[in-house]
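S.K.: Before I ask anything, let me first share the structure, which is written out below as structure tokens.
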Amino acid sequence: MQVIRYAKVAQTGKSEYFIDYYPGLGKWYEIASFCPKRGYFVNISRDITEHKQREKEIYRLNQFQKIVIDNADIWLDVLDKKLNIILWNKAAEKISGYSRGEAMGHNKIWKWLYPDKEYRKKLMSAEDTIIGKEGRKENSETTILCKDGQTKIITWHSQSLFDENGALIGSLVIGRDITEYKKMEKKLNQTMKDLARSNKELQQFAFVASHDLQEPLRMISSYTQLLAKRYKGRLDSDADDFIAYAVDGSNCMRELINKLLAYSRVDTHGNSFALINCEAILDSVLVNLKVAIERSGAVVTRDFLPTVMGDEVQIGRLFQREL
């Protein structure tokens with residue numbers, strides 16, 4: 001190749017400039033060849049091997065950057081100062097549905113992604129916007145309309161870009177599709193609310209059950225103890241055993257109910273207030289305390305009780321405690 005070029009210079013007398021690689025030397029040269037006299041030529045060459053290696057490395061890095069940008073799973077785009085798209089990666093294509101050819105070279109994409117004019121106007125002028133403002137980094141979250149009509153929630157980070165002289169040249173925008181995450185978050189929040197409500201209902205049920213079972217159990221325990229005291233040794237041995245079993249069982253049940261009551265009081269603040277008939281609540285309490293009242297010889301007197309706003313369970317506890 002070199003011989004042909006040199007011959008051409010010698011024959012035509014016209015100077016030539018070219019860059020050539022010499023395999024034998026493993027080097028690149030920048031060559032200027034000229035003909036001072038027909039039939040002769042002179043070459044001036046400069047070793048540019050190092051420059052070519054740097055150039056090759058820069059090309060390799062540019063290709064690598066292109067691969068990284070296109071294979072990143074996050075939306076990447078670059079805007080100029082007029083919001084025209086000058087870079088649009090594959091993730092942006094996949095998320096939005098708009099190809100690189102459709103999106104690049106103009107700013108129509110914002111009308112497509114945000115068809116509501118008022119919303120778009122608010123977005124572009126907001127303090128936190130996907131369009132980075134001069135000297136600032138911005139973060140935001142918006143809902144976009146994709147090409148196929150779906151809506152997606154995107155979290156954005158944008159940053160202003162400057163040239164070597166410090167002049168604003170555009171913005172880098174990074175987006176991540178968090179639509180599924182938002183759905184899961186909403187579902188989790190609902191599950192937590194349902195769980196909290198169910199737990200509250202369970203605690204309330206445990207309290208009501210344990211509280212209401214105390215007096216009937218006390219009545220059973222009292223009568224079985226009376227049977228044991230009055231008839232022990234007066235019946236056969238099996239009867240004595242049966243009565244002892246009943247007494248032990250009622251004592252065990254009392255311990256279980258007390259533990260259940262203690263558990264139900266943990267983090268329990270009662271129900272929402274409602275209209276409560278205090279007469280009916282007191283009647284129920286007197287039934288529960290019948291054995292204790294008879295045993296103590298107490299006399300319970302009462303005046304008319306009103307209907308009030310309150311928690312039925314808590315008022316019942318109050319009456320039972322006072323009695």
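The values are calculated or read from the model by the stated rules, or taken from the named source; none is laboratory data. A quick note: this is a predicted structure, and the numbers were derived from the prediction, not measured. Cβ atoms come from the backbone with ideal geometry, glycine included; neighbour counts cover every protein chain shown.
S.K.: Taking region 294-318, which residues are exposed (fewer than 14 other Cβ atoms within 10 Å of the Cβ), in a helix (DSSP H, G or I) and not hydroxyl-bearing (Ser, Thr, Tyr)?
M.R.: Hits for region 294-318 are Glu294, Arg295.
S.K.: May I ask you to list the residues in region 227-274 that are modelled with pLDDT of 75 or more and among the aromatic types (Phe, Trp, Tyr)?
M.R.: Correct list: Tyr231, Phe242, Tyr245, Phe273.
S.K.: Now for a separate question. Which pairs do you get when a residue that is on the phi > 0 side of the Ramachandran plot, found in region 69-85, comes within reach of a residue that is of a type in the set (Ser, Thr, Tyr), reach meaning Cβ atoms under 9 angstrom, with the pair 6+ apart or on two chains?
M.R.: That search, which allows pairs on different chains as well, returns Leu83/Ser171.
S.K.: For a quick check of your reading of the model, give me the residue pairs whose first member lies in region 38-65 and is loosely packed, with under 11 Cβ neighbours inside 10 Å, whose second is at pLDDT below 75 and not aliphatic (A, V, I, L, M), with beta-carbon atoms closer than 6 Å and at least 6 apart or on different chains.
M.R.: From region 38-65, the pairs are Arg38/Gly13.
S.K.: Given (1) assigned to a helix (DSSP H, G or I); (2) in contact (Cβ under 8 Å) with a residue 12 or more places away in the chain, where does Phe242 come up short, assuming only one miss?
M.R.: The failed condition is (2).
The rows are residues; the columns are (1) more than 24 Å from the chain's Cα centre (by Cα); (2) part of a loop (DSSP other than H, G, I, E, B); (3) closer than 25 Å to Leu76 by Cβ.
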| site | (1), (2), (3) |
| --- | --- |
| Lys147 | yes, yes, yes |
| Lys152 | no, no, yes |
| Trp156 | no, no, yes |
| Ser160 | yes, no, yes |
| Ile174 | no, no, yes |
| Lys182 | no, no, yes |
| Lys187 | no, no, no |
| Thr191 | no, no, no |
| Leu195 | no, no, no |
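S.K.: Taking region 210-225, which residues are of a type outside the set (D, E, K, R), within 49 Å of the chain's Cα centre (by Cα) and either modelled with pLDDT of 70 or more or within 17 Å of Ile281 (Cβ to Cβ) (or both)?
M.R.: Of the residues in region 210-225, the ones of a type outside the set (D, E, K, R) are 210-211, 213-214, 216-217, 219-225.
Now restrict to residues that are within 49 Å of the chain's Cα centre (by Cα): 210-211, 213-214.
Scanning region 210-225 gives His211, Leu213, Gln214.
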